[in-house]
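Here the structure is laid out as structure tokens; the discussion comes afterwards.
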Amino acid sequence: MNNKKGSSAVFLTLILATLVSITLALVYGVREEVASSKADAVLSLAGDSILSEFDYEVQKQYGLFLLKGSDEELTKKARDYANTTFAHMEDVKVSRLKVSGSSFSVADPQLIREQILEYMKYAEVQGVIERFQSKEQSRKNEKETRILKHGPTIVSLPSAQVPKKKLTVLAEEIADRSSEVEKAFRSGTDAYLINRYVLSHFNNKNYMVNQDSFFKNEVEYILGGELSDRKNEKRVEMALKAMRIPLNLAHIYADPEKRTAVLTAAQLLTPGAVAAATQLALATTWAYAEADNDVELLWQGHKVPMVKDKQSWATDLDGAIEGIMGGTAKPDVEKGYDYNQYLQILLFFQDENLKIARTLDLIQINARSGWDESFLISEHVTGISVTAEINGREYGYEKKY
């Protein structure tokens, strides 16, 4: 009997010891999970706190989130945020904590592209794009023209290393691909949203968005890349003419009346074998005169169609030959695209990386002339990666706007 009691006592003792061990293990495991959960929450909050320090003026004016700081500066901020809480947590030991923004450098145009698209998709849903389009002709740009001469700003422009293409060459290609122009106005596409972002956030010759911007002709800068308003205006003027001349020339040869008028004038001026060459010269002169008039019409707020007909043609051959237009000639019927829409066409065919880089140029120029004279796009990121070792466990996060 005593042996049975003794055996039962030993058995119960073993069971109790096992239960105590299991309980202790569970308690320890729960403690580790609680500590891990707390560490995870603190690190995540520290990362969010860093992202909250974006440049407010850039966000307010351009809808973009840019965070300034080197990896060392960002790491110090994370440690300051995290250690404020970890100092009161005895069960948490931080062995390593590092923050880096190198994977989210603004030098990568894709990251800015994503932000622009997200911002504009929201704006499209809210009807902001439509409201902007209704105002485009109501805010005339009366800013003085400017020249950027500040060396440190110039050498640090984000577009400095991006390959460039002559705008007139691009315009000539557009004339050859005139059937594709309607794609520039296909709402909802990524290209459309990016181009509308440019037009709604930056000044152009005919429309003012922000009186405090450095340049008057900002959209023209994105297209032309020159450091003065006048030069960028001239670049776009030349591009519009380079686009319009071949299109106007095609109309002259397609219209029997105009073709006959040119042939008759050529035979009167140079009878004989050279009349054909003179005909081409006269037709080109007339096409140029019409293109020159087209640009003036656009600058005055009128519309010009991509492909013309008799009703939308404005000039006459005699005036083109004599070089005396007597002011801007207006066609019988006004239709087609206005100046802003021609800018949108040029933007549509421009290289996207160059377009985004020059957009960042303008943000940097306006920041340095406005609210932060030391502002550099190259010092900013659009997100961070956080890595840490706490209580022997590895943690890793990526956070971006």
(request) Set the Förster radius R0 to 30 Å, insert the Cβ-Cβ distance between Glu394 and Glu118 as r into 1/(1 + (r/R0)^6), and round the FRET efficiency to 0.05. (result) 0.45
(message) Quick check: the angle from helix 71-86's long axis to the longest principal axis of the chain, C-alpha only, nearest 10 degrees?
(response) 40
(message) Given points 7 Å out from each Cα along the Cα-Cβ axis, report the Thr168 to Asp48 separation in nanometres with one decimal.
(response) 5.6
(message) On a full-extension model of 0.36 nm per residue, what is the gain between Arg259 and Asn141, subtracting their alpha-carbon distance, rounded to one decimal in nm?
(response) 38.5 nm
(request) With a point put 7 Å past each Cα toward its Cβ, work out how far Ala87 is from Lys234 in nm, to one decimal. (result) 6.2
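By the scheme Lys and Arg +1, Asp and Glu -1, what is the net charge of all other residues having a beta-carbon under 15 Å from that of Ala265?
-3
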(request) Between beta-carbons, use under 13 Å as the cut-off and find the net charge around Ile252, counting Lys and Arg +1, Asp and Glu -1. (result) 0
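How much length is gained on full extension from Asp190 to Ser374, taking 0.36 nm per residue of separation minus their Cα-Cα distance?
63.0 nm
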(message) With every protein chain kept in place and ligands, DNA and RNA left out, what is the accessible area per residue of region 196-290? Probe 1.4 Å, answer in Å².
(response) 39
(message) With +1 on the Cβ of every Lys and Arg and -1 on the Cβ of every Asp and Glu, and nothing else charged, how large is the dipole of region 285-362 about its Cα centre, in debye rounded to the nearest 20?
(response) 280
(request) Report in % the part of the accessible area of the chain that belongs to carbon and sulfur, leaving out ligands and nucleic acids; probe 1.4 Å. (result) 54
(message) As I understand it, the dipole of region 200-326 uses +1 on the Cβ of Lys and Arg and -1 on the Cβ of Asp and Glu, about the Cα centre. Which of Val304, Ser228, Thr278 lies farthest toward its positive end?
(response) Thr278
(request) Specify whether the C-alpha gyration tensor of region 219-266 places it in the rounded, prolate or oblate class, a ≥ b ≥ c being the square roots of the eigenvalues: rounded for a/c under 1.5, otherwise prolate if a/b is larger than b/c and oblate if not. (result) prolate
(request) Would you work out if region 40-179 is rounded, prolate or oblate? Take a ≥ b ≥ c from the square roots of the eigenvalues of the alpha-carbon gyration tensor; rounded if a/c is under 1.5, else prolate when a/b is larger than b/c, oblate otherwise. (result) prolate
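With runs of 4+ DSSP H residues as the only contributors, calculate the mean residue ellipticity of the chain at 222 nm using -39,500 (n - 2.57) per run, divided by the residue total and rounded to the nearest 500.
Result for the chain: -19000 deg cm²/dmol, rounded to the nearest 500.
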(message) Pick from Ala123, Ala107, Ala239 the residue whose mean-square fluctuation is largest in a GNM of the chain, springs joining Cα atoms under 10 Å.
(response) Ala123
(request) Based on the mean of other Cβ atoms within 10 Å per residue, sort peptides 79-90, 343-354 so the most packed one is first. (result) 343-354, 79-90
(request) Only Cα pairs under 8 Å and at least 6 apart count here; give the relative contact order of the chain as a rounded whole percent. (result) 25
(message) Expected output is a single nm value to one decimal: the length gained when fully extending between Trp299 and Lys76, i.e. 0.36 nm times separation in residues minus the C-alpha distance. What is it?
(response) 75.0 nm
(message) Need one word for region 280-333: rounded, prolate or oblate. Basis is the Cα gyration tensor (sqrt eigenvalues a ≥ b ≥ c); a/c below 1.5 gives rounded, then a/b vs b/c decides.
(response) prolate
(request) Answer with one residue from Pro158, Phe348, Thr85: the one whose Cα lies farthest towards the positive end of the charge dipole of the chain, charges on Cβ with Lys, Arg +1 and Asp, Glu -1. (result) Thr85
(request) For the chain, count all C-alpha to C-alpha pairs, find those more than 36 Å apart, and express that count as a whole percent of the total. (result) 46
(request) Please give the per residue accessible area of region 31-102, computed with a probe of 1.4 Å over protein heavy atoms only, in Å². (result) 54
(message) Give me the net charge for the shell around Glu173: Cβ to Cβ below 13 angstrom, other residues only, Lys and Arg +1, Asp and Glu -1.
(response) -1
(request) Give the value in nm², to one decimal: projected area of the alpha carbon convex hull of region 256-387, averaged over all directions. (result) 14.0
(request) Could you rank the peptides 262-272, 55-65 by their average count of other C-beta atoms within 10 Å per residue, with the highest value first? (result) 55-65, 262-272
(message) Between 0 and 90 degrees, rounded to the nearest ten: what's the tilt of helix 256-269 against the longest Cα principal axis of the chain?
(response) 50
(request) Any chance you could give the angle, 0 to 90 degrees and rounded to 10, that helix 167-176 forms with the longest Cα principal axis of the chain? (result) 70
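The values are calculated or read from the model by the stated rules, or taken from the named source; none is laboratory data. All of these numbers come straight from a predicted model, not from anything done at the bench. Please note: Cβ atoms are built from the backbone with ideal geometry, for glycine as well, and neighbour counts cover all protein chains shown. Note: areas computed on protein heavy atoms with side chains; ligands, DNA, RNA excluded. Shrake-Rupley method; radii C 1.70, N 1.55, O 1.52, S 1.80 Å.
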